[in-house]
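The values are calculated or read from the model by the stated rules, or taken from the named source; none is laboratory data. Bear in mind that the values here come from a model prediction, so they are computed numbers and not experimental data. Don't worry about glycine lacking a Cβ; one is built from the backbone with ideal geometry, like all the others, and counts go over all protein chains shown.
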Amino acid sequence: MAKLASALVNRLVIIVPYAWLLFFFLIPFFIVFRISLSQTTVAMPPYTPVFDLAGGLAGILEKAREFSVDNYVWLTEDALYFNAYVSSLIIAAISTFLTLLIGYPIAYGMAKAPRAIRPTLLMLVILPFWTSFLIRVYAWIAILKPEGLLNQFLMTIGIIDQPLIILNTNSAIYIGIVYSYLPFMVLPIYSALEKMDHSLIEAAQDLGCTQVSAFWRVTFPLSLPGVVAGCLLVFIPAVGEFVIPDLLGGSETLMIGKTLWNEFNANRDWPVSSAVATVLLLILVIPIVYFQNVQAKADGERG
């Protein structure tokens, strides 16, 4: 009886995450993909239904004749979407790099701090999540605008004579993304550094390494899993970011999140917006699959 109960618990543990993926990822993705294969119509909803499940298998086969990849072809013909994808990838990559430059020293300092104060430092990193994401982004508008706190401070101490134009530029987007996603970079790197065996550093120094060379030869390679995880946690949501570019970016800012929103709400073109979302998801899945394969190979070599 105890073995049966244990087996049921083990299966339940496995079933829960798969059920979560089914209901909150696979089913929504199937719905979006289905809409991307339809045609736009002046109706509610504004597309021709495909995959008519109500009609059973016969209904599905009948509707299969109406499948269309015209929306995906349209994405290749209109330069707007290609430029939006490229711009989003570039902005996300630069933001991820800046977040890594700032987040790694923070995580390293937390890992080197006395154990007694590490929980406090960890809480300070997580503290911004206690405030609404939207409110935090709006706060940067008050800070970065020409008459905002930053320009007033710089002019008061005499560094600048006239306000800097930061708001409604890509610089403001970088600031917003780095600030908003910094904890996602710090936490996995801190986790990797905290678990590291510090006796390896002492051994490297005994063998003649300086502190700098010991860091690059021992500490940084051992923290790479945390670095890669942090980069993915920042890069993936940054590519599809909408709120930060919309509030802090200018009219010339081109990101796929804003393009997707315009297609879905302003143009009411649900099939094209669904095709944009499907392609975006496929682009983001590639680094995740690659990282998983690399991790699997590394675990196999260690095993």
Scan L222, L284 and give me the residue that is within 18 Å of the chain's Cα centre (by Cα) and in a helix (DSSP H, G or I). L284
What are the pairs, 6+ residues apart or on separate chains, where a residue within the range 155-168 that is part of a loop (DSSP other than H, G, I, E, B) has its Cβ under 8 Å from a residue that is exposed (fewer than 13 other Cβ atoms within 10 Å of the Cβ)? P163/E147; N168/S251
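Could you say which residue among Y138, Y85, Y81 is more than 26 Å from L281 (Cα to Cα) and within 23 Å of the chain's Cα centre (by Cα)? Don't jump to the end; show me each part of the working.
On the way: Y85 fails: more than 26 Å from L281 (Cα to Cα); Y81 fails: more than 26 Å from L281 (Cα to Cα).
Criteria check complete, one pass: Y138.
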Outside any helix (DSSP H, G or I), at pLDDT 90 or above and either of a type in the set (A, V, I, L, M) or more than 20 Å from F264 (Cβ to Cβ) (or both): does that describe A116? yes
Out of all the residues in the range 263-278, which are outside any helix (DSSP H, G or I) and among the acidic types (D, E)? D269
I want to confirm something. Restricting to the range 68-97 and keeping residues that are at pLDDT 90 or above and touching a Phe, Trp or Tyr at 6+ places or on another chain (Cβ under 6 Å), which single residue is farthest from I236 (Cα to Cα)? S95
